[in-house]
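Below is one structure, written out as structure tokens; comments come after it.
Read-outs: derived from the displayed coordinates by stated rules, not from any lab. These figures come from a predicted structure and were not determined experimentally. When we count neighbours, we look across all protein chains shown, and the Cβ atoms used for this are built from the backbone with ideal geometry, even at glycine.
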Amino acid sequence: MADLDLAESHLLGWLSTVGLDAHYVRAEGDYLYRLDEQGNEIPVVDFAGGYGSLMFGHNHPEIVALAQEMLAAGAPVHAQFSRHPYATELAARLTAIVSRETGEDETYNAVFANSGAEAVEIAVKHAELDRALKVAELQAEIAEHIEAARAAVAAGTASVPAEAALAVGLDATAPEPVGLEALATRITEVNAARAGVEPLLFALEGGFHGKLMGSVQLTHNAAYRIPFAALGTSARFITREDLPALPKIFEEERVDLLDLAVTGNEITVVSRPLPLLCAFVLEPVQGEGGIQVLDAESAALIQAACAGAGCPIVVDEVQSGMGRTGTFLASTGIGLRGDYYALAKSLGGGLAKAAVMLARSSLYRPQFELVHSSTFAKDYFSTTIGLKVLDLLEADDGAAYRKAAERGAHLIEMLRSVQRDFPDVVRDVRGRGLMAGLEFQDQSESGIEELRQHAEGATLGYALAGKLLRTHRVRTFPTASSPNTLRFEPSIHIGDEEVARLESGLRDVCALLRTQDGAGLLETTPAA
């Protein structure tokens, strides 16, 4: 049984075909270490960075020391349903930083989680609870108005005109005039049917928000979403080209409930818009979508349309947040303001599995805390690590943010220099701060069969990443939904030497693609 591999062995077998099945035994800073046949450590510079989880690199000494101190002291990791002052402090500091960056005075309530996908789901769950409660509140108001109409008719101060009957589809020409009870019955029936309409979720095309049962419905990649489409409410995906028409799109989805009003001495039927829009979910920088940066004009269009329609905005900062793009939130750089924020990855400092959903206090529903919980969230260990991460980010008046911007600019300029020299091989370079991507030209017309197969199977990026690892000891991966795009998300401590090593590797790969040297690119035997 010891030799039986049941831990996603199919994936491991596939990784071996592209030379990415390395076994790492140690990690420090921007390096991972594997062993050669003699047991000697081989350093590999890590540009994958835990998919953006390592703002300060592997095993940052201050974070490790804090973790060791907590464990040695017997930190109460599991103390659910008790006071959590460390979580309270982390929530307060997070909301202070967000308020400082956005220029808004409003506070944010925090609900802690274990992963980015969970934080996104928490935001959408809360938005749906808020919407459902608004629907219930509207229905209660309508019921009160119906009672007020009954009282007015009973007192003889108001009557039901034919126009009211016609407004709800009743026959006003019948011998007997339509009474209030018939009117109230029809309104109740119509409203019950309309209020049961599924909520509407919107997301940007190309976005990735997780692979859980709910978050996968917001993920645009059909390969991840379609197999589970029957399990959740489907999102409507909006292209950037459609954004100017977003107010019209919202209006076309409008559903009204019917209400009664006493107007003078008549009962009139009025329309009340049903709260139908649950949320608009988006990333300011699409990570798995190919490092696609949202521009300020698009952000403004989304902001204005959602404000006009009363649709809350969920900003997924799981990969782009925590300072990676040069500001704490990538969204603040483009003027986007969220009603909800999802943070994770670097919040855990590379050690803890930590995430948080921040919701505007003005729309926060305390009832949510009674219907959502998590065994491992809000614990002493992960939230104390989160506080240390904020200490490191905010030290020296935010030096970490400036360093992320500076190191990111150096990295992206290097990538653009490769593009300038290999325009026939490199299609595009995108990114902001330490979240960068290089997209290769399509190889589906390659004369090399293996390259064509990788292109057609959406695995070219993995094959090229394997070459970088084998020959140049550089670790990176393609983005999940744009497989020709390699991602680069190192820590703020990435040095010029490491960037130069990546450049050397990329230039080697580009030269081999230019000459269509399939053997040189795709040989999976590890380098000596």
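Brief remarks follow.
- Translational diffusion coefficient (Stokes-Einstein; Kirkwood radius from C-alpha pairs) of region 85-378 at 4 °C, 1.567 mPa s, in µm²/s: 62
- Assigned charges on the beta-carbon of Lys, Arg, Asp, Glu; the chain dipole about Cα centre (debye): 480
- Ranked list, fewest to most other Cβ atoms within 10 Å of each Cβ, for V168, V315, V160: V168, V160, V315
- Taking other C-beta atoms within 10 Å as the exposure proxy, D130, D397, D428 rank D397, D428, D130 from fewest upward.
- Cross-link reach list, lysines versus K134, counting only Cα pairs under 26 Å and skipping chain neighbours closer than eight places: K125, K248
- Pairwise FRET efficiency - T515 versus T239, Cβ, R0 = 25 Å, nearest 0.05: 0.10
- Degrees separating the helix 116-154 axis from the principal Cα axis of the chain, which is the longest one: 0
- Ordering F81, F477, F228, F488 from the fewest to the most neighbouring beta carbons within 10 Å gives F81, F228, F477, F488.
- For the chain, adding -39500 (n - 2.57) for each run of n ≥ 4 DSSP H residues and dividing by the number of residues yields -13500 deg cm²/dmol at 222 nm.
- For the chain, the longest principal axis of the Cα atoms and the long axis of helix 296-309 meet at an angle of about 20 degrees.
- Angle in degrees between helix 180-195 and the longest Cα principal axis of the chain, rounded to the nearest 10: 10
- The residue list L90, G57, Q68 was ranked by how far each Cα lies along the charge dipole of the chain toward its positive end, using unit charges on Cβ atoms, and Q68 comes out on top.
- Only one residue of G264, L522, A409 has its Cα farthest out toward the positive end of the dipole of the chain, where Lys and Arg carry +1 and Asp and Glu -1 on Cβ, and that residue is A409.
- For I238, nonlocal amide neighbours, meaning residues 5 or more places apart or on other chains whose placed amide H falls under 5 Å from its own, are A203, L204, E205.
- Considering region 151-254 at the alpha-carbon level, its Rg and Dmax are found to be 22.2, 64 Å.
- Here K388 is the anchor, and the lysines within straight C-alpha reach of less than 20 Å, apart from those fewer than 8 places off in the same chain, are K345, K353, K378, K403.
- Charged neighbours of V168, selected by a Cβ distance under 13 Å, balance to -4 (K, R count +1; D, E count -1).
- J(HN,Hα) series, region 241-248, from Karplus relation 6.51 cos²θ - 1.76 cosθ + 1.60, nearest Hz, glycine and proline x: 5, 7, 4, x, 8, 4, x, 5
- Phi angles across region 25-42 convert, under the Karplus curve 6.51 cos²θ - 1.76 cosθ + 1.60 with θ = phi - 60°, into 3J(HN,Hα) values of 10, 7, 9, 7, x, 9, 10, 10, 10, 10, 10, 8, 5, 8, x, 8, 6, 10 Hz, Gly and Pro given as x.
- For region 55-68, 3J(HN,Hα) per residue [Karplus equation, 6.51 cos²θ - 1.76 cosθ + 1.60, θ = phi - 60°, Hz, x = Gly/Pro]: 4, 10, x, 6, 6, 4, x, 6, 5, 4, 4, 5, 4, 5
- For percent of Cα pairs over 41 Å apart, the value calculated from this model appears in (1) 36; (2) 20; (3) 32 under label (3).
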